[in-house]
Amino acid sequence: MTAARSLTTIAELADAGLVPEAKRADAAAVAERYAVAVTPALVGLIDADDPSDPIARQFVPDAAELVTLPEERADPIGDLAHSPVEGIVHRYPDRVLLKAVHVCPVYCRFCFRREMVGPEGLGTLSAKALDAAIAYIAERPEIWEVILTGGDPLVLSPRRLQAIMERLGAIAHVKIVRFHTRVPVVDPARIDAALIDALKASGKTTYIALHANHPREFTADACAAIARIVDAGMVMISQTVLLKGVNDDADVLAALMRTFVENRVKPYYLHHPDLALGTAHFRLTLAEGRALVESLRGRVSGLCQPAYILDIPGGHGKVRADSMAVEAADDGCFRLRDFRGDMHAYPPKVD
Ligand code: SF4
């Protein structure tokens, strides 16, 4: 079925046939804890008769989210430890995250920022906080790239987005503006002429990183939305989270990466799932992830190969999960070398 608007309560999901009666109480308990939203485009994609449907698994609350493990964290990649002013995360010298909004069109059940996003999350930056965030960028000539994320920055109105872009456009040392978004696949109608104009309003080279996890997300409407962005002169790259029960299969991953390329989206990041609270049911081991990624080599074109990335828990940055910077340890765990050369246990030791 399709819905006229996003479903944001368990009652609405149940009415749409997406939460069976027997699971309703647990789903309601999850919804008390974490935000819920499923857009009409996704409701129309879910096969309600398939208990293993990979689209439903990403967006419909599940009792497994009520289980948290000792190694899981509220801020798994350490955003808050690297936030010098509200709305900015400055982890690496030449780039910052600008988190203007903490709302998303959908709420992914595996989200690594699930403690920050949603109606109860960190909200939208006030005008004063946005001024301070833009000033922080303007005062630091080493900042070459600004990455708008959140939340999903494409939920902002074209008018607000355009205002932010024009301010970034006035900062000479910022050369690249990058957006991280799920909107082209989960709410493709939003990609209209006004939004595209706003995305380009900085006059900088603009990259759009599209988050998609399963080839079925590429509906005809989604592909058309992606084409509108690329035809407007923006470069698109991908990000995918490796998720048990969604895409932990070589055939699905290969099809997904080919679908990105066929739609002019260059595969960029394949993320190992983070240690977000209540997400253990999505996590593969690092050894399982490495074996899957290895199986892509030779199987699909080099154009279709993403970088397999692990965000080192605690805010130590990213590491290539299939590189020499990851060493297997005798205890079955791994040791990760961050970009500064410091070593970290993975999974991290729990006191
Ligand atoms: S769109 Fe991104 S930030 Fe929003 S819930 Fe999904 S993973 Fe989290």
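Annotations for the structure displayed:
- Screening residue 281 with (1) touching a residue at least 60 places away in the same chain (Cβ under 8 Å); (2) in contact with an Asp or Glu (Cβ under 8 Å, 6 or more places away or on another chain); (3) assigned to a loop (DSSP other than H, G, I, E, B) gives one miss only, at (3).
- Subset of the range 162-211 that is in contact with a Leu (Cβ under 7 Å, 6 or more places away or on another chain) and either small (Gly, Ala, Ser) or outside the structural domain of residue 259 (by TED's automatic domain parsing) (or both) - its residue that is farthest from residue 103 (Cα to Cα): 202
- Unique residue being out of contact with any Lys or Arg (no Cβ under 9 Å at 6 or more places or on another chain) and among the aromatic types (Phe, Trp, Tyr) when the list is 207, 268: 268
- When the helices (runs of 4 or more DSSP H) confined to the range 1-43 are screened for residues that are in contact with a Leu (Cβ under 9 Å, 6 or more places away or on another chain), small (Gly, Ala, Ser) and modelled with pLDDT of 95 or more, those reaching at least 2 such residues are found at 24-33.
- Selection of the range 190-232 for residues being in a loop (DSSP other than H, G, I, E, B) and within 19 Å of residue 306 (Cα to Cα) yields 212, 213, 214, 218.
- Inside the range 302-314, residues that are touching a Leu at 6+ places or on another chain (Cβ under 9 Å) and more than 14 Å from residue 347 (Cα to Cα) make up a count of 6.
- Condition check for residue 48: surrounded by fewer than 21 Cβ atoms within 10 Å (Cβ to Cβ), without any contact (Cβ under 8 Å) to a residue 24 or more places away in the chain and away from the ligand (no atom under 13 Å from the Cβ): no
- Those residues of the range 21-45 which are within 20 Å of the chain's Cα centre (by Cα) and within 16 Å of residue 4 (Cα to Cα), in sequence order: 37, 38, 39, 40, 41, 42, 43, 45
- Scan of the range 273-290 for residues that are out of contact with any Lys or Arg (no Cβ under 8 Å at 6 or more places or on another chain) and closer than 21 Å to residue 55 by Cα, ordered by number: 274, 280, 289
- Restricting the first member to the range 178-189 and to residues that are among the β-branched types (Val, Ile, Thr), and the second to residues that are near the ligand (Cβ under 8 Å from one of its atoms), the beta-carbon pairs closer than 7 Å and six or more apart or on different chains are 181/152; 181/211; 183/105; 183/152; 186/105; 186/106.
- Filtered by the rule that a residue be under 13 Å from residue 239 (Cβ atoms) and among the small types (Gly, Ala, Ser), the range 171-224 gives 209, 212.
- Taking first residues from the range 107-131 that are under 21 Å from residue 164 (Cα atoms) and partners that are more than 12 Å from the ligand (Cβ to nearest atom) and of a type in the set (A, V, I, L, M, F, W, C), the Cβ contacts under 6 Å between residues at least 6 apart in sequence or on separate chains come to 125/100.
The values are calculated or read from the model by the stated rules, or taken from the named source; none is laboratory data. Computed from a predicted model, the values in this text were never measured in an experiment. Reconstructed Cβ throughout: ideal geometry from the backbone, glycine too, with neighbour counts over all protein chains shown.
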